[in-house]
1. Take the conditions acidic (Asp, Glu) and more than 10 Å from the ligand (Cβ to nearest atom) and apply them to Asp38. Does it pass?
2. Please find, within region 45-70, the residue that is farthest from the chain's Cα centre (by Cα) out of those that are within 14 Å of Gly29 (Cα to Cα) and small (Gly, Ala, Ser).
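A short reminder: the numbers here are calculations on the coordinates, not readings from a lab. The model shown is predicted, which means the values in this text are computed figures rather than measured ones. Positions of Cβ are generated from backbone atoms using ideal geometry, with glycine treated the same way; all protein chains shown enter the neighbour counts.
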Amino acid sequence: MNNMYNEIVMDHFMNPRNVGEIENADGIGMYGSPVCGDMTSVYIKVDNDRITDAKFKTFGCGSAIASSSIATELMKGKTIDEVLAITTKQIVSELGGLPDAKVHCSVLARHAIKSAIYDYAQKTGKTYAGLAGFNPDADEDDDE
Ligand code: FES
């Protein structure tokens with residue numbers, strides 16, 4: 001059983017990337033974890049179906065902050081389809097692993113990101129295969 005925070009997680013917790021809000025964001029997503037009540041907001045800028053900027057604010061634990069930090073780094077410059085394909089496993093793996101009890105914290109980040117893209121899709125009338133069946137208000141499993 002993995003109960004330790006590694007150096008990558010500690011770095012992204014102590015020096016989180018992309019913290020803040022984006023003025024005139026093209027999409028905003030917010031999600032509160034049903035597991036612990038922690039919350040994350042994600043702001044995105046989109047140009048030609050590509051994420052040109054992403055920021056987040058997390059009211060939550062260190063793993064949620066580290067997950068949001070690395071996930072926003074991962075998504076910048078990627079197409080929306082590529083970002084929607086990012087899994088929680090990938091976020092955890094980029095972090096070099098999370099303690100088992102903290103894997104749900106990466107779900108918080110991923111759901112908020114998807115919610116921001118959902119918001120963008122709603123505003124622009126666009127559809128994305130990766131959003132099929134997605135409900136920003138529904139809770140999400142952590143096994144993807
Ligand atoms: Fe709540 Fe980590 S314990 S997101």
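1. When the stated conditions are applied, Asp38 does not pass them.
2. The qualifying residue farthest from the chain's Cα centre (by Cα) is Ala54.
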